[in-house]
Amino acid sequence: MHSPINGLTFCIHTFGCQMNKHDSERIAGMLEALGALMVETVEESDVVVFMTCCVREAADTRLYGQVASMKNIPLRAESPLSKRVIAVGGCIGQRDGEKLTEALPHLDVVFGTHNLGSLPRLLEAAIKGQGKQVEVLAASSEFPTELPTSREHSWAAWLPITIGCNNFCSYCIVPYVRGREKSRSIEDIVAEAERYVASGVKEITLLGQNVNSYGRDLYGKPRFADILDAVDQTGIERLRFATSHPKDLTDEVIEKFGSLRSLMPALHLLVQSGSNAILAAMNRRYSRDHYLRLINKIRDVRPDIALSTDIIVGFPGETAKDFEDTYRLVEEVGYHQVFTFIYSKREGTPAAQIEDPTPREVIQERFDRLVDLVQKRAFELNQPDVGSVVPILVEGSSKRDERMIAGKSPKNQTVHALAPQGVTPSELAGTFVNVKIDDAKTWYLSGHVLGANERL
């Protein structure tokens, strides 16, 4: 049957985590399968889909502002529609449901985190003039693995192994909008990884709100180490994963950084705070000492590993001493990258009930001081790479200079280098090149592609 989506143009605006990015690839795959064409801008689009995150208040503000602005952007002259169709999904869609259509009258479709596959049907109904379409399910009955996917890069793939979260950190709304933890079978994961490898994918990133607890619901105990082994055996060249919770990171998983050929020396291990009192208030279920012991174990196995983390500043009740504990932890660990956030109150979470008298300017001062330290340490940690030869997976041209290639090192550092004569960065995308590092900045390395007469 002919779909009214056939021949339309669409664009997707994605906020938030890697899981949202992968969900956006699935949306693109579904709409392209029905004959729609993906475009870059709202001005070119007949359909606009917002994939949303509600972890922080700023995401709410940005979404409402962007959706509201849609009514001022005229529809393209060639559009077969009389009105641009606007859809909101993801975590804000799951949380707010019909409230969104009340606040944003020109919004046409709302869908949640558990019914991604319903979007084409909901869009078709809206296009046919059947009124506003709102469908938000309380839970998903199965893992959404069979949806078509249109990946951003042919040579890289997200591979979700779990959805949902059971941790209920006191500040976090994710378990309420993503649902409880649900794992895919090992056989299903391996089969998808094998298909990716056969199609030329060079790098796979395993996804989950907490990959370390993978399999507890299926097998009675976590089996993430088994997943790493199995995916490594598919022949994938680079393997990464996100995100890791310290309470579930086992010695068995840590050992894989020393034994698996494909597992890259980079780990995002969320700490959130260096204070035991704040960690307890956050319901993180590990201590500062436990976290630091994990760091030591990881570095014993893989001394060159690049560590990254998330830190929240200004959690309710955080004292000057609590902040100093966090500051000292960052000094001690030495992260290549830290994602720093000022605490954002999320209604419906336990932390939202905690009163905090700390002045905003004090929190901001602490935040700025921490950011300065993060940048200083990141710069220092990149300096030993100067003079080394780094194999990078080319992603395309640098945003700074179209003649420069940009890619990622094994440690997930961004690397820039002038493309060799006679070849463009886009032609090299998805291939490996060896780059000798000439300079190291805070957030990237730069160098030159190794010549035929230069030694590794």
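The values are calculated or read from the model by the stated rules, or taken from the named source; none is laboratory data. No experiment lies behind these values; they were computed from the predicted model shown. When we count neighbours, we look across all protein chains shown, and the Cβ atoms used for this are built from the backbone with ideal geometry, even at glycine.
One table, with the values for the structure above:
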quantity: Members of the range 261-303 found to be under 26 Å from Val390 (Cβ atoms) and small (Gly, Ala, Ser), listed by number; calculated: Ser262, Ala266
quantity: Failed item in (1) more than 30 Å from Phe168 (Cα to Cα); (2) in the same structural domain as Ser275 (by TED's automatic domain parsing); (3) among the small types (Gly, Ala, Ser), with Gly348 passing the rest; calculated: (1)
quantity: Out of Glu78, Glu44, sole residue that is of a type in the set (D, E, K, R), surrounded by fewer than 21 Cβ atoms within 10 Å (Cβ to Cβ) and in contact (Cβ under 8 Å) with a residue 24 or more places away in the chain; calculated: Glu44
quantity: Subset of the range 330-353 (residues that are free of Cβ contacts under 8 Å to residues at least 40 places away in the same chain and in contact with an Asp or Glu (Cβ under 7 Å, 6 or more places away or on another chain)); calculated: Phe339
quantity: Pick from the range 283-320, criterion in contact (Cβ under 8 Å) with a residue 60 or more places away in the chain, in contact with a helix residue (DSSP H, G or I) (Cβ under 8 Å, 6 or more places away or on another chain) and crowded, with 21+ Cβ neighbours inside 10 Å, ranking: nearest to Ile363 (Cα to Cα); calculated: Phe315
quantity: Cβ-Cβ under 6 Å pairs, at least 6 apart or on other chains, the range 1-25 side touching a residue at least 40 places away in the same chain (Cβ under 8 Å), far side among the β-branched types (Val, Ile, Thr) and assigned to a loop (DSSP other than H, G, I, E, B); calculated: Thr9/Val39; Glu25/Thr149
quantity: Ala28 being touching a Gly at 6+ places or on another chain (Cβ under 8 Å) and either buried (at least 18 other Cβ atoms within 10 Å of the Cβ) or without any contact (Cβ under 8 Å) to a residue 24 or more places away in the chain (or both); calculated: no
quantity: Test: residue in the range 183-204 that is part of a helix (DSSP H, G or I), within 20 Å of the chain's Cα centre (by Cα) and within 30 Å of Ile311 (Cβ to Cβ); calculated: no
quantity: Candidate set: the range 31-41, residues that are over 24 Å from Cys54 (Cβ atoms) and touching a residue at least 40 places away in the same chain (Cβ under 8 Å); chosen: the one surrounded by the fewest Cβ atoms within 10 Å (Cβ to Cβ); calculated: Ala33
quantity: Among the residues listed as Ala306, Ala280, the single one being out of contact with any Phe, Trp or Tyr (no Cβ under 9 Å at 6 or more places or on another chain), modelled with pLDDT of 95 or more and under 21 Å from Leu370 (Cβ atoms); calculated: Ala280
quantity: Any hit, the range 91-109, residues being in contact (Cβ under 8 Å) with a residue 24 or more places away in the chain, in contact with a Leu (Cβ under 8 Å, 6 or more places away or on another chain) and under 30 Å from Ser199 (Cβ atoms); calculated: no
quantity: Of all residues making up the range 398-407, the number that are closer than 21 Å to Gln337 by Cα, assigned to a strand (DSSP E or B) and touching a residue at least 24 places away in the same chain (Cβ under 8 Å); calculated: 1
quantity: Matching option when the condition is over 15 Å from Leu119 (Cα atoms) and more than 22 Å from the chain's Cα centre (by Cα), among Gly35, Gly7; calculated: Gly7
quantity: Pick from the range 408-433, criterion β-branched (Val, Ile, Thr) and in a loop (DSSP other than H, G, I, E, B), ranking: nearest to the chain's Cα centre (by Cα); calculated: Thr431
quantity: Subset tally (residues that are under 10 Å from Ile161 (Cβ atoms) and charged (D, E, K, R)) for the range 183-197; calculated: 3
quantity: Those residues of the range 158-182 which are of a type in the set (Val, Ile, Thr) and in contact with a Pro (Cβ under 9 Å, 6 or more places away or on another chain), in sequence order; calculated: Ile163
quantity: Unmet requirement for Leu260, which otherwise passes all of (1) farther than 20 Å from Asn167 by Cβ; (2) touching an Asp or Glu at 6+ places or on another chain (Cβ under 7 Å); (3) surrounded by 22 or more Cβ atoms within 10 Å (Cβ to Cβ); calculated: (3)
quantity: Selection from the range 339-375 of residues that are closer than 28 Å to Tyr176 by Cβ and polar (S, T, N, Q); calculated: Thr340, Ser344, Thr349, Gln353, Thr358
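Each row is one residue, and each column tells you yes or no for (1) surrounded by 13 or more Cβ atoms within 10 Å (Cβ to Cβ); (2) of a type in the set (Val, Ile, Thr).
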| site | (1), (2) |
| --- | --- |
| Arg377 | yes, no |
| Pro384 | no, no |
| Leu393 | yes, no |
| Ser397 | yes, no |
| Arg400 | no, no |
| Arg403 | no, no |
| Gly407 | yes, no |
| His416 | yes, no |
| Thr424 | yes, yes |
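Conditions (1) surrounded by 19 or more Cβ atoms within 10 Å (Cβ to Cβ); (2) within 30 Å of Pro316 (Cα to Cα); (3) in contact with a Lys or Arg (Cβ under 6 Å, 6 or more places away or on another chain), marked per residue:
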| position | (1), (2), (3) |
| --- | --- |
| Arg184 | yes, no, no |
| Ser199 | no, no, no |
| Val211 | yes, yes, no |
| Gly220 | no, no, no |
| Arg223 | yes, no, no |
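Listed here are the residues, each with its yes/no results for (1) outside any strand (DSSP E or B); (2) more than 30 Å from Ser273 (Cα to Cα); (3) touching a Leu at 6+ places or on another chain (Cβ under 6 Å).
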{"residue": "Thr358", "(1), (2), (3)": "yes, no, no"}
{"residue": "Arg366", "(1), (2), (3)": "yes, no, no"}
{"residue": "Arg369", "(1), (2), (3)": "yes, no, no"}
{"residue": "Val374", "(1), (2), (3)": "yes, no, no"}
{"residue": "Gly387", "(1), (2), (3)": "yes, yes, no"}
{"residue": "Val390", "(1), (2), (3)": "no, yes, no"}
{"residue": "Gly396", "(1), (2), (3)": "no, yes, no"}
